[in-house]
1. Could you tell me which residue of the stretch 40-67 is modelled with the lowest pLDDT, considering only residues that are under 20 Å from ASN149 (Cα atoms) and open to solvent by less than 10 Å² (accessible area, probe 1.4 Å)?
2. Show the residue pairs that are 6+ apart or on different chains and have beta-carbon atoms under 9 Å apart, the first residue being within the stretch 295-312 and over 19 Å from LEU370 (Cβ atoms), the second being modelled with pLDDT under 75 and assigned to a loop (DSSP other than H, G, I, E, B).
3. What's the number of the only condition in (1) of a type outside the set (Gly, Ala, Ser); (2) assigned to a helix (DSSP H, G or I); (3) touching a residue at least 12 places away in the same chain (Cβ under 8 Å) that PRO238 fails to meet?
4. Could you look through the stretch 86-116, keep only residues that are under 18 Å from GLY184 (Cα atoms) and at pLDDT below 85, and pick out the one that is least open to solvent (accessible area, probe 1.4 Å)?
5. When you go through (1) at pLDDT 80 or above; (2) within 19 Å of VAL373 (Cα to Cα); (3) of a type outside the set (A, V, I, L, M, F, W, C); (4) surrounded by 13 or more Cβ atoms within 10 Å (Cβ to Cβ) one by one for GLY222, which number turns out not to apply?
6. Which one of THR318, THR325, THR363 is in contact (Cβ under 8 Å) with a residue 24 or more places away in the chain, open to solvent by 60 Å² or more (accessible area, probe 1.4 Å) and not small (Gly, Ala, Ser)?
7. Looking at the stretch 328-340 only, could you name the residues that are among the aliphatic types (A, V, I, L, M) and open to solvent by less than 70 Å² (accessible area, probe 1.4 Å)?
Amino acid sequence: MLSTILSAFTVAEIRKKLAFTALILALYRVGSHVPVPGVDIDAVQEVQEQFGNGGVLNLLNTFSGGGLSRIALFALGIMPYITASIILQLLTVVVPSLEKLQKEGEVGTQRITQYTRYLTVGLAFAQSIGYVFLFKSFSPNAGTPVIPNFDVPHVFLVVMSLTAGTILLMWMGELITQRGIGNGISLMIFASIVAGLPNGLQAWWTSPDQVFRVMMPFIALGVIAAIVFMQEGQRRIPVQYAKRVIGRRMSGGGQTYLPLRVNMAGVIPVIFAASIMAFPPTVGQLIQQPWAQDVANFFSPSKAPYIIGESIMIIIFTYFYTAVTFNPVDQADNLKKYGGFIPGVRPGRPTAEFLDRILARLTFPGALYLAAVAAFPTILINSTQANFFFGGTSLLIVVGVALDTMKQLEAQLMMRNYEGFLK
């Protein structure tokens with residue numbers, strides 16, 4: 001990995017892409033510290049402790065890189081865009097017109113992306129209104145409200161600032177995807193989580209539990225090693241290509257394999273599940289009613305209902321996203337079209353059924369692995385009362401995004417350096 005990173009800096013074009021990616025991420029981090037107009041800075045600093053109680057606000061604050069606790073320009077983070085993507089992907093399965101658009105190739109994908117952007121604006125606007133009323137409910141010790149002038153012009157200013165921040169983040173993420181290295185949206189969530197690493201190291205070092213302080217590095221390395229092992233695990237299906245005679249020449253032939261990953265969905269199901277499970281406690285925090293507070297407490301990220309619900313959602317979304325990204329029928333048709341076949345399996349429908357059966361068996365352990373890693377740190381915290389800063393969801397996202405980015409970096413190097421083919 002280190003050699004790949006060092007080799008990337010020797011190629012001018014990749015070096016520019018890496019610099020561009022780092023610049024956008026740096027601007028994102030700066031925007032997470034710029035307060036929105038219309039809020040009292042001193043009051044904001046006093047209420048930041050309400051985000052560290054392990055509730056859903058702490059989880060949302062982690063995904064926003066601390067911007068939510070600062071009521072910064074990027075307080076909403078990129079989560080409205082992720083929620084909009086979830087909704088559009090679910091509607092693609094249900095709405096025939098969207099399903100037709102998805103099968104139209106690049107033109108249909110661009111149209112669905114445009115719909116996702118419009119939905120992101122609406123969700124960000126609605127979420128901004130909810131957060132404004134949540135900020136109003138905060139009670140600083142000095143008595144100064146977070147929003148001193150709570151009237152229509154000032155509320156509208158705060159709402160539009162938060163919405164504009166999400167739109168700007170969406171644009172910045174797409175810029176990274178187009179001109180940088182890696183997936184921009186995933187890298188922004190990665191940067192948000194990694195920004196809390198100093199606090200996590202401080203919490204580990206100042207932990208009064210000496211046993212936990214010694215065991216924590218080994219636990220973290222073990223979890224990371226398990227994540228990498230499962231992320232890279234794959235089942236290789238052998239594929240044989242028949243030789244074809246064109247005129248007097250014989251072409252084609254040979255044998256290759258079709259790699260089916262154990263966790264084909266990556267970290268997307270974890271992000272989806274975290275977004276959906278954060279919805280009930282968020283609504284409970286926004287509605288200042290006893291029953292709403294009970295809902296927020298019931299679905300607290302540190303309690304069993306949240307862990308069980310998130311695990312079920314991860315398993316469901318793993319199957320769903322795997323079905324969206326890999327279609328056995330299309331794969332079987334492509335193999336048949338180019339003269340390929342799996343030894344011992346007839347081309348066409350039998351090949352599709354064979355791939356579907358293999359994929360179902362692979363997806364089940366992959367889904368269980370995602371759910372287990374997401375729930376393990378929370379269960380560890382509840383069992384030992386140790387101060388473990390990062391949750392399983394954060395670890396999965398960080399390691400998964402790092403692996404995907406390294407693969408894209410290696411692909412960029414492979415395109416520009418043919419030395420490996422000559423050896």
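1. Among those residues, the one meeting the criterion is VAL47.
2. So the pair list comes out as VAL295/ILE287; ALA296/GLY55; ALA296/ILE287; ASN297/GLY55; SER300/GLY54; SER300/GLY55; SER302/GLY54; SER302/GLY55.
3. (2)
4. Per the criteria, the residue is ILE86.
5. The number of the failed condition is (4).
6. Going through THR318, THR325, THR363 in turn, the sole match is THR325.
7. ALA332, LEU335
Table: residues versus (1) assigned to a helix (DSSP H, G or I); (2) more than 16 Å from GLY67 (Cβ to Cβ); (3) touching a Lys or Arg at 6+ places or on another chain (Cβ under 8 Å); (4) at pLDDT 85 or above.
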position	(1), (2), (3), (4)
PHE135	yes, no, no, no
ALA142	no, yes, no, no
ASN149	no, yes, no, no
PHE156	yes, yes, no, yes
THR166	yes, no, no, yes
TRP171	yes, yes, no, yes
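The values are calculated or read from the model by the stated rules, or taken from the named source; none is laboratory data. Since the structure is predicted, the reported quantities are computational estimates derived from the model, not experimental observations. For neighbour counting, all protein chains shown are included, and Cβ atoms are generated from backbone atoms with ideal geometry for every residue, glycine included. The accessibility values were calculated without ligands, DNA or RNA, using every heavy atom of the protein model including side chains. Shrake-Rupley method; radii C 1.70, N 1.55, O 1.52, S 1.80 Å.
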